[in-house]
Each structure stands twice: as structure tokens, then as C-alpha cells.
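A.B. asks: This is the structure I want to talk about, given as C-alpha cells.
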Amino acid sequence: MWLSLRVAVISTAAALVMGLWLAWTLANREFRGKEILDAAVTLPLVLPPTVLGYYLLVLLGRNSPVGQLYEWLFGGPLVFTWQAAVVAALFHSTPLLVKSARAAFESVDRSYERAARNLGASEMRLFLRVTLPLTRRTILAAAALAFARSLGDFGVTLMIAGNIPGRTQTVAIAIYDAVEAGKGNVALVLVLILSGVSLLVLSVANRLTTNPFGPRQTAI
Amino acid sequence: MIRARIRKNFAAGAESAGFALDVEFEAEKGITVLFGPSGAGKTLTLDCIAGFVRPDEGRILVDDEILYDGAAGVHLAPRARHCGYVFQNYALFPHMTLRKNLEFAAARIPRLERHRKISEILEKFHLSDVSGRRPHELSGGQKQRCSIARALIREPRLLLLDEPARGLDAPLRAELYAILRQVRVEFGIPVLLVTHDSGECFELGDEMIVLRDGRVVQSGTPRNIFEQPANIEIARLLGLFNLLPVEVRALDPGRNTSRLRYEDFELTGPYFPGRLIGDHAWLCIRPDQLSAKPRNGRAGFNEIPAALVRVVEKPERLRLEFSGEIAVELERRQFESYSNVKDWVIEFPQTGLRIL
């Protein structure tokens with residue numbers, strides 16, 4: 001369970017950085033192939049986990065340049081470690097984040113962005129001081145969703161991180177194992193825990209999105 | 001001062017007609033009003049100057065600094081242009097207090113001076129008491145003042161205002177005009193103001209530029225334009241005139257007279273240089289230049305009979321609307337004893353007649 005949480009937390013953090021950057025680029029820049037990039041980012045939502053896992057295996061495996069670079073840097077292969085589970089969860093959850101963040105960024109009234117640029121703000125300052133605060137709730141809700149999705153990933157993790165008890169065995173995989181081994185009680189407990197945590201996270205996400213943004217109370 | 005020559009084409013899309021902006025103008029310090037109907041390209045012109053929209057070609061200079069030059073490929077980012085911009089919806093950041101909004105704008109100014117400047121400008125715009133509030137807790141007038149203060153705190157070289165009086169009621173409008181006059185005096189920079197309200201041009205404008213369909217159709221002082229609209233289109237846009245189709249029947253340069261035919265009536269006016277007998281033109285005359293009286297027998301010299309259609313109350317005078325779409329403005333007391341008379345004659349002054 002702790003392994004699952006750790007994987008989910010780290011991958012959500014990474015998904016936030018990567019996802020927000022991608023979403024910002026998609027929402028603000030005009031370039032050729034923009035919609036293709038958006039589609040590519042969304043692909044993991046619709047592809048079967050095995051396909052995604054296969055791509056990642058090829059991309060990050062011990063024979064691939066990326067895999068070799070990782071081995072050279074950290075002295076061990078990436079695949080079949082808990083770090084690989086993070087990568088799996090990352091690819092599984094980023095699309096959700098990018099989708100909602102892009103929509104959120106694009107929903108911000110353009111005149112705020114124009115005003116910020118007109119008042120001498122750099123793009124970074126515009127993002128940190130104007131766009132992000134204005135979309136904070138949606139982004140947090142999207143992060144919560146991404147977190148829940150990271151937590152629940154099964155297929156991709158199995159493909160590239162494997163099923164090594166104590167090292168790469170996340171809750172979702174442990175449940176599969178327990179059922180296979182006929183340990184119904186263990187499976188039930190794990191199922192309940194995972195459902196409970198996910199429910200909690202999703203209800204937080206819902207609260208964030210249903211609370212209307214806009215007129216908020218001031219401190220005074 | 002600002003000098004601009006801007007061209008921008010938008011191809012026609014599936015649901016939109018194409019549009020071509022092609023304007024050239026100069027504005028000195030003082031208030032220059034960009035006047036025109038909606039869709040004339042007024043806001044687009046501002047957006048090109050502020051750098052939100054990149055023109056296709058042309059050149060924009062402010063105080064000899066090039067903001068845009070199509071031929072040289074110069075297109076400064078909006079943040080490098082130092083143009084104050086007051087947005088139609090104010091665009092105050094909703095998650096920041098009023099003071100924070102000003103701080104955001106003044107970020108480049110050293111800290112101590114920034115603090116002093118913000119306090120100073122808050123004071124000047126009567127906002128000190130509400131500086132800790134967020135925009136949604138402010139009244140329309142306070143938001144308006146804050147957006148102008150925010151645009152001015154960076155000491156821009158140019159102030160752009162996009163229909164600032166839109167949606168304001170009369171007292172707020174008067175307050176806005178007072179602020180803008182103050183800005184004109186204290187900041188000494190060119191102010192470009194977009195409006196489609198001809199009264200506003202007269203009230204505020206030192207200079208006036210009339211835009212229509214993406215082109216400058218006339219420019220000059222508001223007084224000049226109101227007295228001498230260059231053509232019938234502009235007279236229509238200003239919406240202040242009686243416009244009657246007439247035919248030139250006689251021209252006499254020696255006695256400085258002319259005769260015009262309007263429907264079945266003959267009117268005598270001054271000599272119109274450059275016109276020929278038989279020309280069809282528009283007689284253009286303001287309602288307050290005409291006078292009207294109850295009809296008594298035949299219409300006299302330069303008078304035409306007309307039936308009163310409706311009386312419109314104005315703050316100081318009455319506007320009488322007659323058949324043939326002629327309006328006359330009268331003092332209230334000139335009308336009071338004749339309020340049930342239907343048949344009138346309208347008298348045209350001989351010297352004030354102008355044709356377009």
C-alpha cells in the first residue's frame with residue numbers, strides 16, 4: 001500500500017509539472033501539429049494498457065537508448081523497479097491532467113492574459129500570478145483525479161514494472177495476485193482500502209469543482 | 001505622439017465575412033477619439049497598437065520608437081510596448097485586491113518608490129479606502145477608476161481605452177469624463193479612446209478619427225467634423241442631422257444663392273461651389289437650426305408644410321418629429337401654446353443650408 005501511495009504521489013507530482021507545461025503550450029501557442037500533439041497526449045486514455053506498456057517497454061527497455069542512458073546514470077535498469085511503476089502511472093495519468101488543464105487555461109478570459117502582458121508581465125509571471133490562481137480549483141481537482149488514476153493503474157505497471165512482492169507490487173497488482181492464489185480475505189481488505197482511498201480522493205476533487213470559483217471571501 | 005499605419009486582412013470564413021483593416025493616422029498628446037459603428041475596426045486598431053494582434057503590414061511609432069514595422073519584421077511583445085490599456089470589461093484580476101492589482105502593474109518599480117506611487121495614485125483616484133477589496137466588491141465606478149489607475153501607474157507613453165463609457169449610467173459617465181480630462185492635463189500623453197457615441201466625441205475629443213469598414217473616412221477636430229461631415233455616410237454615422245434628398249435647380253454665384261428642390265417644394269440656400277444644376281444631393285441640417293410654427297395659410301419663403309408626427313421630450317428642449325422624417329428642436333415655451341396643432345410649417349435658414 002505504501003508503495004502504491006509513494007508511486008501515486010511521485011507520479012502525480014511529475015504529471016503536474018509535465019501536464020501543466022503541455023497544457024499551457026497547447027492552450028497558448030500556435031504551431032503546426034498542435035492538435036496531433038494533443039491527440040498523442042490523449043492516446044493513453046483510449047489505448048489498452050498492454051499497448052501502452054509495450055511502447056514503454058520498447059522505449060525504456062535495457063536495449064533502448066533511453067533505458068541505457070538510465071542504466072548509465074543510476075547504475076541499474078529502469079524496467080521492473082518501482083521507478084518503472086512511477087513512469088507507468090505517469091503515462092497513465094498525465095492525459096487526464098492535460099485535458100482538464102488545457103480546458104481550464106482556455107476558459108480564462110483572454111482579457112486577463114492580455115492585461116497581464118500589457119502590464120509588462122513575462123509569460124512565466126502571467127502563468128504563476130494570473131492563470132494558475134484563476135484555474136487553481138480545476139487544476140487541483142484534475143491532480144486529484146490523476147492521483148486516483150495513478151493509484152489504480154494495473155496493466156501498464158504490470159507490463160513494465162512487473163509483479164515483484166515488496167518491490168514493484170502495487171495494491172492493484174497485489175489484489176490480482178491474492179485472488180489468483182485464492183486468498184479471498186486479503187483481496188477483500190485490499191479492495192476495500194483501495195476503493196476507500198479512491199472514493200476519498202474523488203470526493204475531494206468533486207468538492208473542488210462544484211464550489212463555484214469567483215467571488216471568494218476576503219481576509220478582511 | 002503616435003503615428004500608425006496598419007493593415008490587417010481577415011479572410012472570410014465559413015461563418016464570418018472577411019474584414020480588411022487599412023488605417024493611417026497620427027495623434028498628438030491629448031484625447032483622440034476613434035469613432036465609428038461596431039465592426040468598423042476600432043478595437044482591432046487598439047489591439048494592433050497594444051501588440052495583441054500582429055498586423056500584416058504597416059508601421060507603428062510612438063515617440064520615435066518603433067513598436068511594429070512590417071517591412072523590417074519588428075513586432076514588439078505587448079509587455080515591451082509601454083502602452084496603457086483600459087479594457088472594456090476592466091480586466092481587473094479577480095483574485096487580487098485592488099492594491100495587488102496595482103502592485104502587479106508596478107512590479108518593475110523599486111520597492112520603496114512603488115509603495116509611494118501606489119498610495120499616491122490610490123489617493124488621486126479616490127480609491128484609498130477600498131484598496132484592500134477585490135474587484136467584485138467594488139462599484140462600477142471604482143472598478144473603472146482602478147482600471148485607469150492600473151494602466152497609468154507604469155507611466156505609459158500612450159493610453160488606449162476601449163469604449164470606457166459603455167454600460168455606465170449618467171453620473172458615472174460624467175465622473176469618467178472628469179477623470180479623463182484630468183489625465184489629459186496631468187499625464188500629457190496621447191490618449192486614444194474608442195467609442196460609438198457621437199456625444200462622447202464632442203465632449204472629450206481634442207481630435208477625432210472616423211472609421212468605417214476598416215478605413216479612416218474623416219479626421220479633424222470634432223467641431224469641424226460635426227459642422228462639415230465629409231459625406232452622407234459620415235453624417236448618417238453621427239446621427240445628428242436631418243438628411244433630405246434634394247435636386248439643385250439653380251445656382252447664382254453673383255448673388256450667392258441657389259435653389260434646391262425637395263419633393264414639391266423649393267428652398268433657397270447659399271451658392272454651392274463645385275455643384276452643377278441638376279445634381280442630386282443631400283441637404284444636411286441639424287434639428288436645432290430649423291424652426292417651426294403652426295401653419296397659417298400658405299407656406300412662406302423657405303418654409304415647407306409638414307404634419308407633426310410625434311413630440312419627444314429632451315432634457316432642455318423638445319424634439320418635434322414631422323412627416324418626411326424631419327426633426328426640429330424647439331425651446332419648450334415656443335411649443336407650449338400650440339401643443340394640439342397638427343399642421344405646421346418648417347422654416348429653413350437661407351444661409352445655414354449645406355448639401356453633401
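A.B. asks: Within the range A:96-111, can one find any residue that is within 14 Å of another protein chain (Cβ to nearest Cβ), surrounded by fewer than 23 Cβ atoms within 10 Å (Cβ to Cβ) and among the basic types (K, R)?
C.D. replies: yes
A.B. asks: Moving on. Please find, within the range B:296-326, the residue that is modelled with the highest pLDDT out of those that are among the small types (G, A, S) and either part of a loop (DSSP other than H, G, I, E, B) or closer than 17 Å to B:V246 by Cβ (or both). Spell out how you get there, then give the answer.
C.D. replies: Keep residues of the range B:296-326 that are among the small types (G, A, S), which gives B:297, B:299-300, B:306-307, B:323-324.
Next, only the ones that are either part of a loop (DSSP other than H, G, I, E, B) or closer than 17 Å to B:V246 by Cβ (or both) stay: B:297, B:299-300, B:306, B:323-324.
Numbers: B:G297: 77, B:A299: 77, B:G300: 79, B:A306: 88, B:S323: 85, B:G324: 81.
Checking each candidate, the answer is B:A306.
A.B. asks: A further question on this structure: For B:D22, only one of the following conditions fails: (1) farther than 20 Å from B:P222 by Cα; (2) exposed (fewer than 14 other Cβ atoms within 10 Å of the Cβ). What is its number?
C.D. replies: (2)
A.B. asks: Further question on the same structure: Among the numbered conditions (1) surrounded by 14 or more Cβ atoms within 10 Å (Cβ to Cβ); (2) part of a strand (DSSP E or B), tell me where B:F272 comes up short.
C.D. replies: For B:F272, the failing item is (2).
A.B. asks: Could you tell me which residue of the range B:50-98 is farthest from the other protein chains (Cβ to nearest Cβ), considering only residues that are assigned to a loop (DSSP other than H, G, I, E, B) and acidic (D, E)?
C.D. replies: Only one residue fits best here, namely B:D64.
A.B. asks: Against the definition (modelled with pLDDT under 90 and surrounded by 14 or more Cβ atoms within 10 Å (Cβ to Cβ)), how does A:T50 come out, yes or no? Reasoning before the result, please.
C.D. replies: On the way: modelled with pLDDT under 90: yes; surrounded by 14 or more Cβ atoms within 10 Å (Cβ to Cβ): no.
In short, no.
A.B. asks: Would you point out the residue of the range A:72-85, among those that are within 17 Å of A:G162 (Cβ to Cβ) and not β-branched (V, I, T), that is surrounded by the most Cβ atoms within 10 Å (Cβ to Cβ)?
C.D. replies: Checked the range A:72-85; the qualifying residue surrounded by the most Cβ atoms within 10 Å (Cβ to Cβ) is A:A85.
A.B. asks: Which one is nearest to B:A50 (Cα to Cα) among residues in the range B:89-118 that are modelled with pLDDT of 90 or more and of a type in the set (S, T, N, Q)?
C.D. replies: Going through the qualifying residues, I end up with B:N101.
A.B. asks: Kindly indicate which of B:R166, B:R236, B:R184, B:R154 is assigned to a helix (DSSP H, G or I) and within 19 Å of B:Y85 (Cα to Cα). Can you show your working first?
C.D. replies: Values: B:R166 fails: assigned to a helix (DSSP H, G or I); B:R236 fails: within 19 Å of B:Y85 (Cα to Cα); B:R154 fails: assigned to a helix (DSSP H, G or I).
Answer to the selection: B:R184.
A.B. asks: In the range B:232-270, what count of residues is obtained for those that are more than 30 Å from B:D197 (Cα to Cα) and among the β-branched types (V, I, T)?
C.D. replies: Residues meeting the conditions: 3.
A.B. asks: Which condition number does B:Q228 fail, the rest of (1) surrounded by 15 or more Cβ atoms within 10 Å (Cβ to Cβ); (2) in contact with a Lys or Arg (Cβ under 9 Å, 6 or more places away or on another chain); (3) polar (S, T, N, Q) being met?
C.D. replies: Answer for B:Q228: the failing condition is (1).
A.B. asks: Let me ask something else. Residues being in contact (Cβ under 8 Å) with a residue 24 or more places away in the chain, more than 9 Å from chain A (Cβ to nearest Cβ) and over 30 Å from the mean Cα position of the chain (by Cα): count how many of those fall in the range B:121-155.
C.D. replies: 2
A.B. asks: Ok, one more. Restricting the search to the range A:150-161, which residues are assigned to a helix (DSSP H, G or I) and surrounded by 24 or more Cβ atoms within 10 Å (Cβ to Cβ)?
C.D. replies: From the range A:150-161, those assigned to a helix (DSSP H, G or I) are A:150-152, A:155-161; that's our starting set.
Listed by number, the residues that qualify are A:S150, A:L151, A:V156, A:T157, A:I160, A:A161.
A.B. asks: Looking at the range B:105-114, which of the residues that are closer than 20 Å to B:P156 by Cβ, part of a helix (DSSP H, G or I) and more than 32 Å from the chain's Cα centre (by Cα) is farthest from the other protein chains (Cβ to nearest Cβ)? Before you say what the answer is, go through the steps one by one.
C.D. replies: Applying the first criterion (closer than 20 Å to B:P156 by Cβ) to the range B:105-114 yields B:105-110, B:113-114.
Narrowing further to those that are part of a helix (DSSP H, G or I): B:105, B:113-114.
This time we only want the ones that are more than 32 Å from the chain's Cα centre (by Cα), so: B:113-114.
Working: B:E113: 16, B:R114: 13 Å.
Result: B:E113.
A.B. asks: crowded, with 18+ Cβ neighbours inside 10 Å, touching a Pro at 6+ places or on another chain (Cβ under 8 Å) and either of a type in the set (S, T, Y) or modelled with pLDDT of 95 or more (or both) - does that describe any residue in the range B:72-83?
C.D. replies: no
A.B. asks: Looking at (1) without any contact (Cβ under 8 Å) to a residue 60 or more places away in the chain; (2) of a type outside the set (D, E, K, R); (3) outside any helix (DSSP H, G or I), find the lone condition where A:A187 falls short.
C.D. replies: If we test A:A187 against (1) without any contact (Cβ under 8 Å) to a residue 60 or more places away in the chain; (2) of a type outside the set (D, E, K, R); (3) outside any helix (DSSP H, G or I), just (3) comes out false.
A.B. asks: Okay, moving on. Being touching a residue at least 60 places away in the same chain (Cβ under 8 Å), within 16 Å of B:D264 (Cβ to Cβ) and of a type in the set (A, V, I, L, M) is the filter here; which residues of the range B:294-327 pass it?
C.D. replies: Of everything in the range B:294-327, just one residue is touching a residue at least 60 places away in the same chain (Cβ under 8 Å), within 16 Å of B:D264 (Cβ to Cβ) and of a type in the set (A, V, I, L, M), namely B:I326.
A.B. asks: Would you confirm, using the coordinates I've provided, whether A:T131 is under 30 Å from B:L102 (Cα atoms), in a helix (DSSP H, G or I) and more than 9 Å from chain B (Cβ to nearest Cβ)? Write out each step before concluding.
C.D. replies: Details: under 30 Å from B:L102 (Cα atoms): yes; in a helix (DSSP H, G or I): yes; more than 9 Å from chain B (Cβ to nearest Cβ): yes.
Yes: the conditions hold for A:T131.
A.B. asks: Condition (residue is within 14 Å of chain B (Cβ to nearest Cβ), among the hydroxyl-bearing types (S, T, Y) and not in a helix (DSSP H, G or I)) applied to the range A:112-124: is it met by at least one residue? Give the derivation first.
C.D. replies: Taking the range A:112-124 first, the residues within 14 Å of chain B (Cβ to nearest Cβ) are A:112-124.
Those left that are additionally among the hydroxyl-bearing types (S, T, Y): A:112, A:122.
In the following step, the residues that additionally are not in a helix (DSSP H, G or I) were identified as A:122.
Among the residues of the range A:112-124, at least one is within 14 Å of chain B (Cβ to nearest Cβ), among the hydroxyl-bearing types (S, T, Y) and not in a helix (DSSP H, G or I), which makes the answer yes.
A.B. asks: Is it the case that the range B:206-220 has a residue that's over 22 Å from B:I49 (Cα atoms), of a type outside the set (G, A, S) and within 13 Å of the chain's Cα centre (by Cα)? If you could, list the steps in order and put the result at the bottom.
C.D. replies: Filtering the range B:206-220 down to residues over 22 Å from B:I49 (Cα atoms) leaves none.
Scanning the range B:206-220 turns up no residue that is over 22 Å from B:I49 (Cα atoms), of a type outside the set (G, A, S) and within 13 Å of the chain's Cα centre (by Cα).
A.B. asks: Would it be correct to say that B:L46 is assigned to a helix (DSSP H, G or I) and either more than 8 Å from chain A (Cβ to nearest Cβ) or more than 24 Å from the chain's Cα centre (by Cα) (or both)?
C.D. replies: Here the answer is yes, as B:L46 does meet what is asked.
A.B. asks: Under 26 Å from B:L180 (Cβ atoms) and touching a residue at least 40 places away in the same chain (Cβ under 8 Å): does that describe B:R275? Talk me through it step by step, then tell me what you get.
C.D. replies: On the way: under 26 Å from B:L180 (Cβ atoms): no; touching a residue at least 40 places away in the same chain (Cβ under 8 Å): yes.
Taking the combined requirement at face value, the residue does not satisfy it.
The values are calculated or read from the model by the stated rules, or taken from the named source; none is laboratory data. What you see is a predicted model; the values in this text were computed from it and never measured. Here the Cβ is made from the backbone with ideal geometry for all residues, glycine too, and neighbour counts use every protein chain on show.
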